[in-house]
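For reference, the structure is listed below as structure tokens.
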Amino acid sequence: MPEATDTVHGIGSLLAKLDAEQRAMIDETPRQNRLALLASLRRESETDCARHLATACGLDFAEELTLPDDATSLLPARLMHEYQALPVSVSDAGELLLASCWPPAEGMDDWICACTGRQPRWMLVPAKYLAETITQRFGVGADSLMEGVGAEDSGRAEADESEDENAAIIRFVNEIVAKALNDRATDIHFEPLKDSLQIRYRIDGELVPIRVPDNLVRYQGAIISRLKIMARLNISEKRRPQDGRIDFRAAGGAELDIRLSTIPTLYGESVSLRLLNQKNQPLSLDELGMLRTDQERIRRVLDLPHGIILVTGPTGSGKSTSLTAFIRQINSPARRIITVEDPVEYEVPGVNQTQVHSEIGYTFAQALRHILRQDPDVIMVGEIRDRETADIAIRASLTGHLVLSTLHTNDAPGALTRLIDMEIEPFLVASAVELIIAQRLVRRLCPDCARPSRIGKQELRAKLVALLGHDVPDEELLHPVMEPVGCESCRGIGYRGRLGMFEILRVDDSIHELIVGKESARSIRQAAIANGMRTLQQNGWEQVKRGRTTLEEVMRFADIGKEDEQ
């Protein structure tokens, strides 16, 4: 086993090429973060840096480990978190093999030997892998609760213990939010169950349970109270739902606007957080996953001086993201653009953005009335929810404004009949609406691990018939179909990120006549398809052919609009 002096010399050899300021930065950085910092200063990957450091110090190195189930019982959990050291095995000679992301400091061997009765032997692993392994074993935020909660010291004052517990709860909540941000989660749900507090993230539209400390339910009340304090809510009111917001600054500098909602349940208050990253950049049409031909159709309408563009779909289908992409596309010093949103999810430089506040009567309709007095060229309305908003939007478009908004309908033709159901005159709808885009979000295949599927031609044909509603020519079966595998980049899921499927309906003369004649959504849909509209299912198949997603993802929406075609 290397002596302590060998370890010091080995670390020194790697730091020798750094200047004094950089060496001081490493000394002042917590152990679990030193490897990442050294790797960035040496301009190499963390894995390569760990390998070079292990060689220099005479230590073993591993990119990954297979741990026995009882490995964590070999060392007290508090020392594992404090030293960022994970027990791996015990050798025949009685040595305790420990994985860490940085060579041991002076005195660590003595503490471990005193606690375990075994002589430690060290190996290095990448810091990211070590942190993920500890989290998988103990849960997110376990180190915070272990460090500051329930310390056994009879000589401590109760006030000191309470202060430590409060600090630990604060760190725990911050770690939960930080991990959600790192995992690209859009929502966090704290859900009290009978004997536990469940925490789930929504990532790429799917709910993902996260590992939490086994004793978390003990601190349920303190965690919920901490969240309510952050949102400036009444912590003593537990019988009624409450809504609030949190301005949160993550460790990496990211600024989050968090919308918080509570509701009472059988076993306590359920709390949901919607995470809005204020530094998120609005996506471009290409980043939305939109096909080039669809992009051109939309750009032509965005160049019009007036009219209405509607984006439809259920909650969570990316409508607001698409509208912001359109705004970004047409944003220029020559156009005055004003938006009214609930909430403002993306900041677009040069655009005037306002946010509704229903509690004080500042609704979409009221905001839209005032916006019309601001001499806008383009208006974006977050959502048309009622007749009043629809009426103002229609009249704004007919008086020389380009209006962008959303509606909750399943497909594009349904938006036209929905406006008529709001008692908007059909001839006004036909005259004002220029373009309707129905959309859904599907998970995007991880580019690092996706592979060609082994699906046979007959099975592929059967799935395409189920998806498209009709038989397909043989040449369609020649396209390679990809399938998910799972790797470190996608957390073993096989998907990373999302992309849109789009159904674009242009209101031409034939559609205009059908609207004025109050024809059904089914008739409008059939006419639009005859005029070249690509349905959501067809668009999804195009994405599959390009290797961006899977048939299984697209087929989740296979029935959209089909009832209107039958």
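When all protein chains stay in place and ligands, DNA and RNA are ignored, the 1.4 Å accessible-area order of MET482, MET533, largest first, is MET482, MET533. Database remark: amide H of GLN353 closer than 5 angstrom to the amide H of THR339 (H placed geometrically; neighbours at sequence offset of 5 or more, or on other chains; Pro and chain starts carry no H). In terms of Cα atoms, the Rg and Dmax of region 218-366 work out to 19.1, 60 Å.
Projecting the Cα positions of ASN234, ASN215, ILE203 onto the charge dipole of region 201-273 (unit charges on Cβ atoms of Lys, Arg, Asp and Glu, taken about the Cα centre) puts ASN234 furthest along the positive direction. Relative to the longest principal axis of the Cα atoms of the chain, helix 412-421 runs at roughly 60 degrees.
The phi-based Karplus calculation (6.51 cos²θ - 1.76 cosθ + 1.60; θ = phi - 60°) puts the 3J(HN,Hα) values of region 86-96 at 10, x, 10, 6, 10, 7, 4, 7, x, 6, 9 Hz, whole numbers, x for Gly and Pro. Note that the chain, at 4 °C in a medium of 1.567 mPa s, gets a Stokes-Einstein diffusion coefficient of 47 µm²/s from its Kirkwood radius over C-alpha pairs. Cα extents for region 324-477 along the principal axes, largest to smallest and rounded to whole angstrom: 61, 40, 34.
Remark: relative contact order (region 406-493) = 27 percent; criterion is Cα-Cα distance under 8 angstrom and separation of 6 or more residues.
In a simple Cβ point-charge model (Lys, Arg +1; Asp, Glu -1; nothing else charged), region 380-498 has a dipole of about 660 debye relative to its Cα centre.
Which of rounded, prolate or oblate describes region 301-379 when judged by the alpha-carbon gyration tensor and an a/c cut-off of 1.5? The shape class here is oblate.
Cysteine residues of the chain whose C-beta has no other cysteine C-beta under 4.7 angstrom: CYS49, CYS57, CYS101, CYS113, CYS115.
Within region 54-140, list the chymotrypsin sites (Phe, Trp or Tyr not before Pro) lying in a DSSP loop whose Cβ has at most 13 other Cβ atoms in a 10 Å radius. Could you put the intermediate results ahead of the total?
Working: sites: PHE61, TYR83, TRP111, TRP122, TYR129, PHE138; in loops: none.
Here no loop site has a sparse enough neighbourhood.
Could you tell me whether region 438-535 comes out rounded, prolate or oblate from its Cα gyration tensor? Rule is a ≥ b ≥ c as square roots of the eigenvalues, rounded for a/c under 1.5, then prolate if a/b exceeds b/c, otherwise oblate. Here region 438-535 falls in the oblate category. Between 0 and 90 degrees, the angle of helix 521-530 with respect to the longest Cα principal axis of the chain falls at about 90 degrees.
Compare LYS17, LYS194, LYS128, LYS545 by solvent-accessible area with a 1.4 Å probe and give them largest first, with all protein chains kept in place.
Numbers: LYS17 190, LYS194 145, LYS128 110, LYS545 40 Å².
If we order LYS17, LYS194, LYS128, LYS545 from most to least accessible, we get LYS17, LYS194, LYS128, LYS545.
Each residue of region 38-50 is assigned a 3J(HN,Hα), and the resulting list reads 4, 4, 5, 5, 8, 6, 9, 5, 4, 5, 5, 5, 4 Hz, derived from the Karplus form 6.51 cos²θ - 1.76 cosθ + 1.60 (θ = phi - 60°), x at Gly and Pro.
Remark: region 379-388, residue by residue, has Karplus-estimated 3J(HN,Hα) of 10, 10, 10, x, 7, 8, 9, 8, 4, 4 Hz, where x stands for each Gly or Pro and the curve is 6.51 cos²θ - 1.76 cosθ + 1.60 at θ = phi - 60°. Amide H to amide H, with H built 1.01 Å from N, ARG211 comes under 5 Å of VAL140, counting only residues 5 or more places away or on other chains. Close amide H pairs (under 5 Å, H built 1.01 Å from N) link ASP187 with ARG202, LEU275, residues at least 5 positions away or on another chain. Return the calculated 222 nm mean residue ellipticity for the chain, to the nearest 500 deg cm²/dmol, obtained by summing -39500 (n - 2.57) across DSSP H runs with n ≥ 4 and dividing by the residue count. Only helices count here, giving -12000 deg cm²/dmol. Within the full protein context, the accessible area of ASP474 is estimated at about 100 Å² for a probe radius of 1.4 Å. Seen against the Cα atoms of the chain and their longest principal axis, helix 292-302 is set at about 60 degrees.
Assuming charge only on the beta carbon of Lys and Arg (+1) and of Asp and Glu (-1), the dipole of the chain about its Cα centre is about 1400 debye to the nearest 20. Between the listed residues GLN526, PRO484, PHE557, the Cα displaced farthest toward the positive end of the dipole of region 430-566, a dipole computed from Cβ unit charges relative to the Cα centre, is found at PRO484.
Solvent-accessible surface of region 481-547, taken per residue with a 1.4 Å probe and all protein chains present: 42 Å². Projecting the Cα atoms of MET25, GLY517, LEU323 onto the charge dipole of the chain (Cβ charges, centred on the Cα centre) puts GLY517 farthest toward the positive pole. Straight-line cross-link reach from LYS457 at under 18 Å between alpha-carbon atoms covers these aspartates and glutamates, not counting any fewer than eight positions away in the same chain: ASP471, ASP474, GLU475, GLU476, GLU483, GLU542, GLU552.
I need the trypsin sites (Lys or Arg not before Pro) found in region 267-344, filtered to DSSP loop residues with at most 13 other beta carbons within 10 Å of theirs.
Filter output for region 267-344: LYS279.
Taking the Cα centre of region 290-426 as origin and assigning +1 to Lys and Arg Cβ atoms and -1 to Asp and Glu Cβ atoms, the resulting dipole is close to 440 debye. Among the GluC sites (Glu not before Pro) within region 468-566, those in coil by DSSP and having at most 16 neighbouring Cβ atoms inside 10 Å are GLU488. Contact order for the chain, expressed relative to its length and based on alpha carbon pairs under 8 Å spaced 6+ residues apart, stands at 8 percent.
If you take all C-alpha pairs in region 484-566, what percent of them are over 22 Å apart? Walk me through the numbers before you get to the answer.
Details: 1383 of 3403 pairs.
Every Cα pair in region 484-566 considered, those over 22 Å come to 41 percent.
Between rounded, prolate and oblate, where does region 343-398 land on the alpha carbon gyration tensor, with a ≥ b ≥ c its root eigenvalues, rounded for a/c under 1.5, else prolate if a/b exceeds b/c? Walk me through the numbers before you get to the answer.
Details: a/c = 1.71, a/b = 1.11, b/c = 1.54.
In terms of gyration-tensor shape, oblate.
The values are calculated or read from the model by the stated rules, or taken from the named source; none is laboratory data. Note that this is a predicted model, so its numbers are computed, not measured. Here the Cβ is made from the backbone with ideal geometry for all residues, glycine too, and neighbour counts use every protein chain on show. The accessibility values were calculated without ligands, DNA or RNA, using every heavy atom of the protein model including side chains. Shrake-Rupley method; radii C 1.70, N 1.55, O 1.52, S 1.80 Å.
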